[in-house]
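The values are calculated or read from the model by the stated rules, or taken from the named source; none is laboratory data. Because the structure is a prediction, the values reported are computed rather than measured. Don't worry about glycine lacking a Cβ; one is built from the backbone with ideal geometry, like all the others, and counts go over all protein chains shown.
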Amino acid sequence: MKDGVAVGPDGVSLNYTLSEYQEGKPWLALIIPFGLRVTIAKPFFDFFQPQYNIVSWESRLILSPDEQPAPAGAFELHKHVKDFEVVLATCKIKKCVLVGYCSGAGIALGAANRYPQRISHLVLVHGEYVLLNEPGCSTQFAREIDGLLTMAHTDENHLRKIFEKVKDERLDAGTHRPEGIDLPFSQLAFLRRHAQNYQSYKKADFQKLARFVSHRTLLMTGKKDAQANVASTMKIKSVMPNSLLHVDEAADHYGILREDSSTLITLWNHLCEQRIRYA
């Protein structure tokens, strides 16, 4: 794999990773959750590399050096959406299958609205749509994280107390969590920016964005997901005109980050079917 840095019009640097380029293979772009290193997606790269060129990148600023502040408005949804375009332009990618995972699914919905010509097909995997006020559409874990990040955003004293509380405790959203998934909570500066980013993200109306997506879309969810539940994905699916829902009885939130998981296999089969149908 090849690492690089893309720089957006506001000067923010974006770390990205490319698979080894294969002439004639289609592009697969993966938007990972906020505050994670792109190395966490290695199983995804390994699984799809035989048939695709792949790109993924780290979300803006959250994992930047401690001394780098986040300017006002730096975490607004349209900034993350623009980053999608910046990475594709830097890597000279004209069009891709776009896979949005967890909070990356929300960014993918925004990208499908803003840059529809860049996307041939859309997949939303265990999406976090922050439907906190919709009955049954949020889990206990999601509500707890919402409370923590909201308090952390309130003032510095709350931030430090929450950081001290969680830094030595493993957050609990199910078993067999991939290494590195708690990175946004591992440093005070990371948590500060993660909380700032979350406040911007939760303001977005993902149901409204979903209504205007015309791309063929697969929405994937699992009944063992303790973070983003089936009901929230069904809510988004209900307003998408050209969508298909897949519910995995045994899937938790992290299959896309595990080698040869049922999540990756389902996605592989779906993309193969789409390539045959629309070739």
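Could you tell me which of the residues Ile93, Ile62 is part of a loop (DSSP other than H, G, I, E, B), aliphatic (A, V, I, L, M) and crowded, with 22+ Cβ neighbours inside 10 Å?
Ile62
Let me confirm something: among Gly106, Gly127, which residue is crowded, with 20+ Cβ neighbours inside 10 Å, within 30 Å of Lys42 (Cβ to Cβ), among the small types (Gly, Ala, Ser) and in contact with a Ser or Thr (Cβ under 7 Å, 6 or more places away or on another chain)?
Gly127
Name the single residue that is nearest to Lys25 (Cα to Cα) among those in the range 259-279 being surrounded by 13 or more Cβ atoms within 10 Å (Cβ to Cβ) and touching an Asp or Glu at 6+ places or on another chain (Cβ under 9 Å).
Among them, the one singled out is Thr266.
Restricting the search to the range 157-170, which residues are farther than 11 Å from Ala195 by Cβ, in a helix (DSSP H, G or I) and of a type outside the set (S, T, N, Q)?
Of everything in the range 157-170, those that are farther than 11 Å from Ala195 by Cβ, in a helix (DSSP H, G or I) and of a type outside the set (S, T, N, Q) turn out to be Arg160, Lys161, Glu164, Lys165, Val166.
Please work out which one of (1) outside any strand (DSSP E or B); (2) closer than 25 Å to Ser138 by Cα; (3) touching a strand residue (DSSP E or B) at 6+ places or on another chain (Cβ under 8 Å) is the condition Leu124 fails and give its number.
(1)
For the list (1) more than 23 Å from His78 (Cα to Cα); (2) in a helix (DSSP H, G or I); (3) of a type in the set (A, V, I, L, M, F, W, C); (4) at pLDDT 95 or above, I need the number of the one condition that Leu209 fails.
(1)
Could you please tell me which pairs satisfy a Cβ distance under 9 Å, a separation of 6+ or placement on different chains, a first residue in the range 180-192 that is more than 17 Å from Asn157 (Cα to Cα) and touching a residue at least 60 places away in the same chain (Cβ under 8 Å), and a second residue that is among the hydroxyl-bearing types (Ser, Thr, Tyr) and surrounded by 17 or more Cβ atoms within 10 Å (Cβ to Cβ)?
Ile181/Tyr254
Of these, Gly147, Gly106, which one is farther than 20 Å from Leu219 by Cα and of a type in the set (Gly, Ala, Ser)?
Gly147
Quick check: is even one residue across the range 243-250 under 18 Å from the mean Cα position of the chain (by Cα), more than 24 Å from Gln207 (Cα to Cα) and surrounded by fewer than 19 Cβ atoms within 10 Å (Cβ to Cβ)?
no
Just one of the numbered conditions (1) under 16 Å from the mean Cα position of the chain (by Cα); (2) surrounded by fewer than 17 Cβ atoms within 10 Å (Cβ to Cβ); (3) modelled with pLDDT of 95 or more is not true of Ile256; which one?
The single condition Ile256 does not satisfy is (2).
Applying the selection to the range 241-262, what residues are part of a loop (DSSP other than H, G, I, E, B), touching a Lys or Arg at 6+ places or on another chain (Cβ under 7 Å) and farther than 19 Å from Ser56 by Cβ?
If the condition is that a residue be part of a loop (DSSP other than H, G, I, E, B), touching a Lys or Arg at 6+ places or on another chain (Cβ under 7 Å) and farther than 19 Å from Ser56 by Cβ, then Asn242, Glu249, Ala250, Ala251, Asp252 are the ones that fit.
In the set Gln51, Gln22, which member is over 20 Å from Pro116 (Cα atoms), assigned to a loop (DSSP other than H, G, I, E, B) and touching a helix residue (DSSP H, G or I) at 6+ places or on another chain (Cβ under 9 Å)?
Gln51
Could you tell me whether the range 185-203 includes any residue that is at pLDDT 95 or above and outside any helix (DSSP H, G or I)?
Yes; the residues of the range 185-203 include at least one that is at pLDDT 95 or above and outside any helix (DSSP H, G or I).
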